[in-house]
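One structure is given here, and the rest of the page talks about it.
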Amino acid sequence: MPNPEHLVPPAVAISGGEPAAAPLPMQWPVTAVRGVGSERAKLLAKLDIHTVEDLLLHKPRRYEDRRKFLPIRDLKLKEAATVRGKIVAAGVKRWKRGERAMFECVFDDGTARLHCRWWQAQPWMEDWYAVNREFLVYGKPDSLKPRNIDHPETELVEPGEDEFIHVNRIVPVHALTDGLTARVVRTLVWQALEQFEAQVPEPAWGHLPAVGSALSPTPGKTPARDLPFLTGLPTRANAVHMVHFPEELTDVEIGRQRLALDEFTALQIQIQSRRKKFEVNARALPCGGDNRLMKPFLAALGFKLTGAQTSVLREIRADLGGEHPMRRLLQGDVGSGKTAVAACSALMALEGGFNVALMAPTEILAEQHFRNFQKWFTPLGINLALQTGSQKTENAAPTGADKAGTLYIGTHALLTGGFELPQLGLVIIDEQHKFGVTQREALVRKGNYPHLLVMTATPIPRTLGLTLYGDLDVSVIDELPAGRGSIKTFVRTTEKLPKVFEFIREKITAGRQAYIVYPRVDVADTDKDIKAVTKEFETVKKALAPFQAGLLHGRIKPAEKELVMAAFRANKIQALVATSLIEVGVDVPNATVMLIENAEHFGLAQLHQLRGRIGRGAHESFCILISDALTDEAQARLKILADTTDGFKIAEADLKLRGPGELLGQRQSGSMRLRFGNLAEDLNLIRQARVLAAKILA
């Protein structure tokens, strides 16, 4: 194997003794691969490829079976295919005034002709797409008379050297950047495999690498090939080869699963190690409670807790009285009664003489919690304090530990440096997906290993529960309180809006209220087809007159927001025209209609949360999604909402459609760099990795 001295970094002296070992081949710079010079290395860096391993783990985005090409005559409308043909004509077509130019060339494979067009002609095209040159063309035909593909992917066929890499086999098509063609990247991956495949190491679990980084052997540690979980799977080296140059397409999935298992196992080792370290260092505060506050609270609550709520509270009480501080995630669909569980949990800690902090993502939700808990806790003699950006109660900044027995409710304002939380026994975070891990930890650090309860009404798919929240115990409220009205969901087009507003007027006349939601605050110059709440407010007022409508969005001053919400709760405002600001926590049981315009611009989980603002009383409720989106994906997403109110099914579908980054936000998902693992599909692999990590750490 080539091993030029200038590619091997010298040993680096470590303070106090032995030199550090030189990096292993997988960590050599990508310039160690034949054909990669300094200029190509700069281009590869745009794809986050810096080392030999980065190139070998550059996952193909699709594959082409070039053992037999589809004849041009057999192309089908809107169906992607790859054909091979020679250019028989090419040229630039210009419009008047020279403002636009289209480049077009015609391919012939002996069975038929294919026209390919690029609507922004570039100077290099006439030289590149020259008559008699042979190309592979990939795309979806826009028409069949004549056969035409706009903006296809193309690859020049150069007979001779390296032809066996690019034709007569299943070939990978990788993600690219300007200056790198599919052919060049494929060649570089082939060269990297020729040079380094034999040195791709099996993972050794003696250290904790970052997910997606090198899993190199550690001296003196047991190599992973001696572990039973690899039985029946290819070696890591074989798996890398299979995902780039498979003999059959079925090989791709086999190789991917092996590499995904490596990623998930490394991630699970990180998660479980962190939990073990935490349990070794932290001792729990005694917050199990004695029921002196709980009994009168439950007696005055006015309703009986569901079996699911009671079961979850048993788990929480065991944690609060346990040896290690509680770290628990509470999942419950919208309207399942998480707030009552949070109240009972807070009472357990308060009975132990500790303070409790409850953090919510918005001022509206924090203020609503404050009102609810005031109503519940003030008769019990419990102090409450509100801490938001615009409101602070007089006892919200205590000094000393003599203020034990206080529930602090707030937003991010609870995290400010000068705000102290003495005797902190329990931290509750509502709608936790709105916060990053750093913010969660910042609040916990206000105390000395307080217990932690994080809650979400956005159900978390099982795969994410085992990865992103793998260091938390999970409780699920899977039962809704009795007496809730049903919710019906409908998808309609804009042309149906007059009838929709007529329906809303009927419901308001009957004494009910409505939410009307838009995706934006103001109209954007870039996309005027997306409706904005400030512009549509006047339209809604006219459509619903003489009934009263109120306006709510994030740019309104906090005091004005509270006045609008108070009027809506009191039914002085019958229709609340708002942005997605209302998606969490707003609880007005009399509101039974939710109208969402441009519904395709919201995520599934967000639409489900918005729908959760209705159906909170005894009356039948209606969610109407307005969308003119024509794409199959948009229609499929909205159909899921119309077909089910099961938050877990919706969350699973959202994960498959949008991925974890979109579903959770980069604050939550950015740390998980999975090249081959699929959080929407790989539940079984994640479960295997979880078991393996536990065995390895044991």
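The values are calculated or read from the model by the stated rules, or taken from the named source; none is laboratory data. Note that the coordinates shown come from a computational prediction; the quantities given were computed from them, not determined experimentally. Methodologically, a virtual Cβ is constructed for each residue, glycine included, from the backbone with ideal geometry; neighbour enumeration extends over all protein chains shown.
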**Request:** Please indicate, with yes or no, whether at least one residue in segment 58-73 is in contact (Cβ under 8 Å) with a residue 40 or more places away in the chain, surrounded by 16 or more Cβ atoms within 10 Å (Cβ to Cβ), among the basic types (Lys, Arg) and in a loop (DSSP other than H, G, I, E, B).
**Result:** yes
**Prompt:** Would segment 605-620 turn up any residue that is in contact with a helix residue (DSSP H, G or I) (Cβ under 8 Å, 6 or more places away or on another chain), free of Cβ contacts under 8 Å to residues at least 60 places away in the same chain, farther than 23 Å from Glu495 by Cβ and in the same structural domain as Arg512 (by TED's automatic domain parsing)?
**Reply:** yes
**Message:** Would you confirm whether or not segment 84-92 contains a residue that is within 13 Å of Ile149 (Cβ to Cβ), surrounded by 12 or more Cβ atoms within 10 Å (Cβ to Cβ) and within 39 Å of the chain's Cα centre (by Cα)?
**Reply:** no
**Request:** Identify the single condition in (1) modelled with pLDDT of 85 or more; (2) in contact with a strand residue (DSSP E or B) (Cβ under 7 Å, 6 or more places away or on another chain); (3) surrounded by fewer than 20 Cβ atoms within 10 Å (Cβ to Cβ) that Ala385 does not satisfy, given that it satisfies every other one.
**Result:** (3)
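Taking the conditions exactly as written (aromatic (Phe, Trp, Tyr), outside the structural domain of Leu193 (by TED's automatic domain parsing) and at pLDDT below 85), does Phe245 satisfy them or not?
No: the conditions fail for Phe245.
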**Request:** Take segment 25-35 and flag every residue that is at pLDDT 95 or above and of a type in the set (A, V, I, L, M).
**Result:** Val30, Ala32, Val33
**Prompt:** Gly139 fails exactly one of the following numbered conditions: (1) over 30 Å from Leu56 (Cβ atoms); (2) out of contact with any Gly (no Cβ under 9 Å at 6 or more places or on another chain); (3) in contact (Cβ under 8 Å) with a residue 24 or more places away in the chain. What is the number of that condition?
**Reply:** (1)
**Message:** For segment 478-518: of the residues being modelled with pLDDT under 90 and under 26 Å from Ala653 (Cβ atoms), which is surrounded by the fewest Cβ atoms within 10 Å (Cβ to Cβ)?
**Reply:** Ser486
**Message:** List the residue pairs whose Cβ atoms are under 7 Å apart, where the first residue sits in segment 28-46 and is under 18 Å from Arg183 (Cα atoms), the second is of a type in the set (Asp, Glu), and the two are 6 or more positions apart or on different chains.
**Reply:** Val30/Asp54
**Complete:** Restricted to segment 444-477 and to residues being touching a strand residue (DSSP E or B) at 6+ places or on another chain (Cβ under 9 Å) and of a type in the set (Ser, Thr, Tyr), the residue surrounded by the most Cβ atoms within 10 Å (Cβ to Cβ) is Thr458
**Asked** Does segment 398-407 include one or more residues that are at pLDDT 95 or above, farther than 21 Å from Asp587 by Cβ and not small (Gly, Ala, Ser)?
**Response** no
**Message:** Of all residues being outside any strand (DSSP E or B) and among the basic types (Lys, Arg) in segment 112-140, which is farthest from Thr82 (Cα to Cα)? Just the residue, please.
**Reply:** Arg133
**Message:** Among the residues that make up segment 187-194, is at least one of them under 39 Å from the mean Cα position of the chain (by Cα) and more than 17 Å from Val33 (Cβ to Cβ)?
**Reply:** no
**Prompt:** Restricting the search to segment 123-170, which residues are closer than 16 Å to Thr187 by Cβ and more than 41 Å from the chain's Cα centre (by Cα)?
**Reply:** Glu158, Pro159, Gly160, Glu161
**Prompt:** If you take just the helices (runs of 4 or more DSSP H) that sit entirely in segment 263-355, which of them hold at least 2 residues that are of a type outside the set (A, V, I, L, M, F, W, C) and without any contact (Cβ under 8 Å) to a residue 12 or more places away in the chain?
**Reply:** 307-320
